[in-house]
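Q: Let me give you the structure first, and then I'll get to my questions.
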Amino acid sequence: MVRKVYCLYCQVFIILVQNILQKKKMINLVVSNTKDGYQYDTQSIKDLCELVLKDSIYESISLNIIFCDDHHLSTLKAKYFNEDVLTDVLAFPIQNDTILESEIYISYDRALANSKEFNVSMNNELVRLIVHGLLHLLGYRDNNQKSKQIMFDKQEAIVENCNIRIV
């Protein structure tokens, strides 16, 4: 039984204990962008992250999701993967047995182009790219055809059953 208390520190502690007892993930999320004009709802992105990561092994999760342009993302791709190609999402995890810290970069330009090319809404494409980045953090890979198909199937199952509005 939890009593109502009015001490701010006690309330925070009680919420933490309730989250642990309910096995809720402690997700710290920061969403930012490298230029003005990108639209998104931060709470909806957090809801999506919680949905995808709810069964993960991590007790504590800190995510930085950064919306950027094609140039910024292709520069990162060249620097860290030695590939000079356009890409839509990159995930950089730092993890141990119980803690996950990560940056996920998403090209807003690619998301817009993909949404037009595949005839889906911008919301649908942003959800897809966030899910894709999160699946990489959970260990899914897309570096060969078999692993790519497994990851794609998981990604599309989540996207199809997701009713979250990001934009």
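All of the numbers you see were taken from the coordinates with simple rules; none came from a lab. A quick note: this is a predicted structure, and the numbers were derived from the prediction, not measured. Using ideal geometry, Cβ is built from the backbone for each residue, glycine included, and neighbour counts are taken over all protein chains shown.
Q: Where residues in region 68-104 are among the hydroxyl-bearing types (S, T, Y) and more than 20 Å from F152 (Cβ to Cβ), which of them is nearest to the chain's Cα centre (by Cα)?
A: Checked region 68-104; the qualifying residue nearest to the chain's Cα centre (by Cα) is S102.
Q: Only one of (1) part of a loop (DSSP other than H, G, I, E, B); (2) buried (at least 20 other Cβ atoms within 10 Å of the Cβ) is not met by D142, so which one is it?
A: Going through (1) part of a loop (DSSP other than H, G, I, E, B); (2) buried (at least 20 other Cβ atoms within 10 Å of the Cβ) one by one, D142 breaks only (2).
Q: Look through region 28-65, keep the residues that are within 13 Å of L134 (Cβ to Cβ) and of a type in the set (D, E, K, R), and return whichever of them is surrounded by the fewest Cβ atoms within 10 Å (Cβ to Cβ).
A: If we take residues in region 28-65 being within 13 Å of L134 (Cβ to Cβ) and of a type in the set (D, E, K, R), then D55 is surrounded by the fewest Cβ atoms within 10 Å (Cβ to Cβ).
Q: Six or more apart or on different chains, Cβ atoms under 8 Å: show the pairs whose first residue is in region 149-167 and in contact (Cβ under 8 Å) with a residue 60 or more places away in the chain and whose second is not in a helix (DSSP H, G or I).
A: Matching pairs, first to second residue: R165/D41; I166/Y40; I166/D41; V167/Q39; V167/Y40; V167/D41.
Q: Give the residues of region 98-113 that are crowded, with 18+ Cβ neighbours inside 10 Å and among the β-branched types (V, I, T), sorted by residue number.
A: Hits for region 98-113 are I104, I106.
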